[in-house]
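Below: one structure, written as structure tokens.
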Amino acid sequence: MMTESDKERFNKRICVGHVLVSADIYVTPVMTESAAEVELTVPNDDYQKAMDLYDRICQFALFHGEDLQGLFQTSRYYYMSCFVRDIEAFKKEFEKEEELKPLFNHDKGDTAEFLISFPEKANYDDKEPVKESFLEITQKHVDSLDELTWSDFEHRAFTGGTVGFGINPHTMKRINFDDERDKITKLSRKDFVASNLTDSFEDDFYVNPLFNKAEEIGEIDGYPVCFNPRGFYFYWNKETEYLLESWLTFPAYPYGW
């Protein structure tokens, strides 16, 4: 069972509907390795069944998990993992779930423990080279925009609906929108693009509409950097779902948002 501090840490994790579960077997008297692994991700559509199973796994980990710790990371997340050593309790709860069948049918020996891993926080490490490449491409492009197009973005920045009520949605800090609206005229185009650069992890549900009317102006690691004439630049790595955006209408939403 988790300690109180472990429970507090567990409850502060980012909840993205994603969990990894591994059935581990002994390979030496003191060392285990994974015999089977299942990755469960709650989809955007028809999500209720997967969400119910995800919630049950979360609750089981909270009450039966031990030794909560960070064991690994991917390009997208830092993970926290806990061990479930009550094999029979886990089987009783989940053996009939079709999505988890590989954990019980691996035929590689007796399961010593189950390892349940959740994303704890987003991994923004080592993203600076991507940001630098993005800015190099977009800052070169922004200087090529004609004055009429840029005037449209200025008009939108000064008069369009803003992205929040005095709060920058990216930094969550209070801002003065009048100061933010002035940036498009006070900064050079290149500096304005850099000042509005944001990064996040987003799935295709959010990203697909960004491609509507967008044109490719470059690429990074085989994925396109795009300009959308509605007033923004973006780059999305489909594999990691890492997204870069720079709005040319900030603090207002781009046209047609």
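Summary table below
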read-out	value
Cα gyration tensor shape for segment 1-108, rounded if a/c is under 1.5, else prolate or oblate	rounded
Cα-projected label distance for K12 with D46, points at 7 Å along beta-carbon direction, nm	3.9
Fully extended contour minus Cα-Cα distance, from S188 to A122, at 0.36 nm per residue	20.6 nm
Euclidean distance between Cα centres, segment 2-33 to segment 131-162, Å	45
Per DSSP, loop trypsin sites (Lys or Arg not before Pro) in segment 169-257 with at most 16 further Cβ within 10 Å	K173, K213, K238
Burial ordering of C226, C15, fewest other beta-carbon atoms within 10 Å first	C15, C226
Candidates H141, H18, H106, ranked by Gaussian network fluctuation over the chain, Cα under 10 Å, top entry	H106
Chain lengthening between V27 and R56 when straightened (0.36 nm per residue, less Cα-Cα)	7.5 nm
Estimated inter-spin distance, D110 and K238, nm [label 7 Å along Cα→Cβ]	4.6
Assigned charges on the beta-carbon of Lys, Arg, Asp, Glu; the chain dipole about Cα centre (debye)	760
For segment 188-195, 3J(HN,Hα) per residue [Karplus equation, 6.51 cos²θ - 1.76 cosθ + 1.60, θ = phi - 60°, Hz, x = Gly/Pro]	5, 4, 5, 5, 5, 4, 5, 5
Lysine pairs meeting the criterion (Cα under 25 Å, 8 or more apart or interchain), as found in segment 126-247	21
Footprinting exposure proxy for F232, F205 (fewest neighbouring C-beta atoms within 10 Å first)	F205, F232
Relative contact order (%) - the chain, alpha-carbon pairs under 8 angstrom, separation at least six	17
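The numbers here are math on the coordinates, done by the rules we state, and not lab data. This is a predicted model, so every value here is computed, not measured. As a convention, Cβ positions derive from the backbone with ideal geometry for all residues, glycine included, and neighbour counts pool all protein chains shown.
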